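K.L.:
Here's a structure for you.
All of the numbers you see were taken from the coordinates with simple rules; none came from a lab. Computed from a predicted structure; not experimentally measured. Here the Cβ is made from the backbone with ideal geometry for all residues, glycine too, and neighbour counts use every protein chain on show.
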Amino acid sequence: MEKVVAVVLGGGRGSRLFPLTHERAKPAVPLFGKYRLIDVTLSNCINSGINRVFVLTQFLSASLHRHIMEAYKFDTFSHGFVEILAAEQTERSQEWFMGTADAVRATLHHIKHFASQETLILSGDHLYRMDYSKMLSRHRGAQAGLTLAVYLVDREDASRMGLLRVDSDGMVEEFVEKPKDPEVIERFRAPESLCRQVGLNPDDGWYLASMGIYVFDSRLLNDCLQNHDNDFGSQIIPGLIGKIRIATHLHEGYWADIGTISAFYHANIQATQVTPPFPLYCPGQPIFTHMRSLAPARIIRSAIRDSLVAEGTDLHGAIISDSVIGVRSIIRPGASLKEVVMMGADYYEEENPKLLSGEACGPVPMGIGRNVTMEHCIIDKNARIGDGVIIRRQPDDLNFDGDGYYVRDGITVIPKGAVIAPGTLI
């Protein structure tokens, strides 16, 4: 795919994923115990034969940059790269990225260096598998200037999406971004033929939504970014309707926006199911990530059911069900975990420079202590959970900030590096 450059939008502050984004960019949030959110999109690129990728970010990009540099190294003969372009001050602009289109405009002088026929615009916080080469084939076959990846959503999600109306050839006739008026939404009901194509009942009410994945002819993209429009969905795309050929590429597989705590948590827990909606075991379409030289997970006198356990984990005398246990997790005797997303640790206790220098890290060791009971929660990296801590399931509509923890949509979140004192009841 030498004629294609991919641009991954890293997103803004990621406030909907707070506190997981308190110390890291949204694409760097750990996923499924051993990956990062950005790995899904980058793996789609590699599996599609696209190896020239820019990642645009502006908030807390240090850990994201480190991860990409460690994970994505191409050989010298492929001319491939994954490069981060952070927001930067220039003689022409002193501003942060003001929107999706503005982010591409601000970095376009870097991207244009690689003379590409098409530019693929992607999001860094969606969960899906897609062969972008098929979308590119659709784009070229339709002789379109712009092609949008589209997905069928129900009435509940329609008001949060950019909706499209298409003709019989799948060419866009009308586009509206996040409509609230019920009459407007109803006008965008998907054709019966599209619903039946993916096995959905048209009578249930389905709507054709943009996935935020675009293929632009590079010259057209350059022209579109000459004005002051800052957003693709609300400004640039509606302005192109009726002026150029805009095609659609229907995605028939799984897709989810995991930009909220609730969506992120449930996506992880669903991965532990017998038949997960997004299977991790998918021959020919692996998810790539940073390779670690860690020992296999060690499981001693423990009971585990329907869970993911990453490498480098040490479980001793624990009971775990419907949970994701991340790299280097330490779980001590008597611990019981149910529906827990534990991200693990960046290092083992013995590797901590503070300990090696003789500086104590506190009375609570890394990982989960003895006789801990935890349910329906997220434990971010490097957390220390003292002996006897109890974290109970909260009501699904509960949201508040506690002392050293947070509750979002009933999900208790222990932030990165937090210390929960022995005997604490949450």
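K.L.:
How high is the FRET efficiency from Arg298 to Thr373, r the C-beta distance, R0 25 Å, rounded to 0.05?
P.N.:
It comes out at approximately 0.65.
K.L.:
Under the Kirkwood approximation applied to all pairs of distinct alpha-carbon atoms, what is the hydrodynamic radius of segment 210-321 in Å?
P.N.:
Kirkwood hydrodynamic radius for segment 210-321: 18.9 Å.
K.L.:
Label-point separation (nm) for Glu177 and Asp203, each offset 7 Å from Cα along Cα-to-Cβ?
P.N.:
Computed distance between label sites Glu177 and Asp203 equals 3.7 nm.
K.L.:
Taking 22 Å as R0, compute the FRET efficiency from the Cβ-Cβ separation of Asp231 and Tyr254 and round it to 0.05.
P.N.:
The formula returns an efficiency of 0.25 here.
K.L.:
A further question on this structure: If the reach is capped at under 21 angstrom between alpha carbons, list the lysines near Lys338, excluding any in the same chain fewer than eight residues apart.
P.N.:
Output for Lys338: Lys34, Lys381, Lys416.
K.L.:
Report, for segment 4-270, the % of DSSP beta bridges that are antiparallel, rounded to 5.
P.N.:
Working: 25 of 46 bridges.
Taking every DSSP beta bridge within segment 4-270, about 55 percent pair in antiparallel fashion.
K.L.:
Setting aside same-chain residues fewer than 8 positions from Lys134, which lysines have a Cα under 17 Å from its Cα?
P.N.:
Straight-distance partners of Lys134: Lys3.
K.L.:
Taking every pair of alpha-carbon atoms in segment 25-164, what share in percent sits in each 10 Å bin, from 0 to the bin with the longest distance?
P.N.:
Spelled out bin by bin, segment 25-164 gives 9, 35, 39, 16, 1 percent.
K.L.:
Which longest run of the chain has no exposed loop site in it, a site being chymotrypsin sites (Phe, Trp or Tyr not before Pro) in a DSSP loop with at most 10 other beta carbons within 10 Å, and the site itself not part of the run?
P.N.:
Value returned for the longest uninterrupted segment is 78-280.
K.L.:
Mind pulling the angle between the C-alpha long axis of helix 261-270 and the longest principal axis of the chain? Nearest 10 degrees, somewhere in 0 to 90.
P.N.:
80
K.L.:
Here is a follow-up. Normalising by the residue count of the chain, find the relative contact order in percent from Cα pairs under 8 Å and 6+ residues apart.
P.N.:
Reported as a whole number, the value is 14 percent.
K.L.:
Relative to the longest principal Cα axis of the chain, at what angle does helix 132-141 sit, 0 to 90 degrees, rounded to 10?
P.N.:
So the helix axis and the longest Cα principal axis differ by about 10 degrees.
K.L.:
Could you pull out every one of the aspartates and glutamates with an alpha carbon less than 17 Å from that of Lys73, ignoring same-chain neighbours closer than 8 positions?
P.N.:
Partners within reach: Asp39, Glu83.
K.L.:
With Rg and the Kirkwood Rh both taken from Cα atoms, where does Rg over Rh land for the chain?
P.N.:
Numbers: Rg = 22.9 Å, Rh = 23.0 Å.
With Rh from the inverse mean 1/r over Cα pairs, Rg/Rh is 0.99.
K.L.:
For segment 298-420, restrict the atom set to alpha-carbon positions and state the Rg and Dmax in Å.
P.N.:
Answer for segment 298-420, Rg first and Dmax second: 14.0, 45 Å.
K.L.:
Something else: Kindly write out, for segment 23-39 in residue order, the coupling ³J(HN,Hα) from the Karplus curve 6.51 cos²θ - 1.76 cosθ + 1.60 (θ = phi - 60°), rounded to whole Hz, with x marking Gly and Pro.
P.N.:
For segment 23-39, the Karplus curve yields 10, 8, 5, 4, x, 8, 5, x, 9, 6, x, 9, 9, 10, 3, 5, 4 Hz.
K.L.:
Oh, and also: Using the alpha-carbon atoms, what tilt in degrees (0 to 90, nearest 10) does helix 62-71 show relative to the longest principal axis of the chain?
P.N.:
80
K.L.:
Still on this structure, please answer the following. Could you work out how far the C-alpha centroid of segment 115-159 sits from that of segment 290-338, in angstrom?
P.N.:
If we compute the Cα centre of each part, the gap is 37 Å.
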